[in-house]
1. Which of the numbered conditions does residue 161 fail, given that it passes all the others? Conditions: (1) modelled with pLDDT under 95; (2) surrounded by 13 or more Cβ atoms within 10 Å (Cβ to Cβ); (3) over 21 Å from residue 47 (Cβ atoms).
2. State which residue is farthest from ligand 1 (Cβ to nearest atom) when the search covers only region 106-128 and only residues that are surrounded by fewer than 18 Cβ atoms within 10 Å (Cβ to Cβ) and in a strand (DSSP E or B).
3. I want to confirm something. Restricting to region 39-53 and keeping residues that are more than 8 Å from ligand 1 (Cβ to nearest atom) and more than 12 Å from the chain's Cα centre (by Cα), which single residue is nearest to residue 115 (Cα to Cα)?
4. May I ask you to list the residues in region 87-104 that are more than 8 Å from ligand 1 (Cβ to nearest atom) and either within 14 Å of the chain's Cα centre (by Cα) or under 30 Å from residue 24 (Cβ atoms) (or both)?
5. Could you please find all residues in region 1-15 being touching a residue at least 40 places away in the same chain (Cβ under 8 Å) and either farther than 13 Å from residue 50 by Cβ or loosely packed, with under 11 Cβ neighbours inside 10 Å (or both)?
6. Would you point out the residue of region 36-62, among those that are in contact with a helix residue (DSSP H, G or I) (Cβ under 7 Å, 6 or more places away or on another chain) and in a helix (DSSP H, G or I), that is nearest to residue 9 (Cα to Cα)?
7. What is the residue count in region 63-97 for residues that are closer than 16 Å to residue 128 by Cβ, outside any strand (DSSP E or B), away from ligand 2 (no atom under 12 Å from the Cβ) and out of contact with any helix residue (DSSP H, G or I) (no Cβ under 7 Å at 6 or more places or on another chain)?
8. In region 130-153, what residues are surrounded by 13 or more Cβ atoms within 10 Å (Cβ to Cβ) and over 30 Å from residue 71 (Cα atoms)?
Ligand code: GNR
Ligand code: NI
């Protein structure tokens, strides 16, 4: 059991592309456990391995109120996306304190395996559909602020860089 450090935008490591998982052993099981613990602690409704500086196709999601339904997606692929779109006010644990509207397909069908290499498919709508697409973007090195205008993105970058410098200062003095 361990809490993992979450990378903060604009860390360049958030733009690395994750590789497929090929080994379904103890190391993967530990990663999934630590990612779930980190997501629940944050708290967040999803976490991609990219955000904890592990560049493999692993995602955990739990969109329930009472944190009762952990979903583990290894090597996920979107096999269908609805032509209808929805706009959702997105946030990200790697972009703390920032929320803005992003338009994406309203429903998606995803194929993945779990941490034991057992295949499954889910058809998702609402927040789950948003979250799956948001997490799969992370695996491709994409952060949701890249859907916003360059002006908004630059303001966010400047704000977070300032906060990061402040955190570094506090850390040194602690
Ligand atoms: O916790 C999270 N909430 C959220 C809200 C709206 C749209 C997407 C998300 S995902 C986010 C956790 C996160 O950063 N996952 O990568
Ligand atoms: Ni995110």
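The values are calculated or read from the model by the stated rules, or taken from the named source; none is laboratory data. From a predicted model like this one, the values you see are computed outputs, not experimental measurements. Here Cβ is always computed from backbone atoms with ideal geometry, including for glycine, and neighbour counts include all displayed protein chains.
1. (1)
2. Going through the qualifying residues, I end up with 119.
3. The first filter runs over region 39-53 and keeps only residues more than 8 Å from ligand 1 (Cβ to nearest atom), leaving 40-41, 49-50, 52-53.
If we keep only those that are more than 12 Å from the chain's Cα centre (by Cα) too, we end up with 40-41.
On the way: 40: 18, 41: 21 Å.
My answer is 40.
4. Listed by number, the residues that qualify are 96, 104.
5. Initial filter on region 1-15 (touching a residue at least 40 places away in the same chain (Cβ under 8 Å)): 4-11, 13-15.
The answer is 5, 10.
6. The extreme case among them is 51.
7. So the count comes out to 7.
8. Taking region 130-153 first, the residues surrounded by 13 or more Cβ atoms within 10 Å (Cβ to Cβ) are 130-148, 152-153.
Answer for region 130-153, where residues must be surrounded by 13 or more Cβ atoms within 10 Å (Cβ to Cβ) and over 30 Å from residue 71 (Cα atoms): 152, 153.
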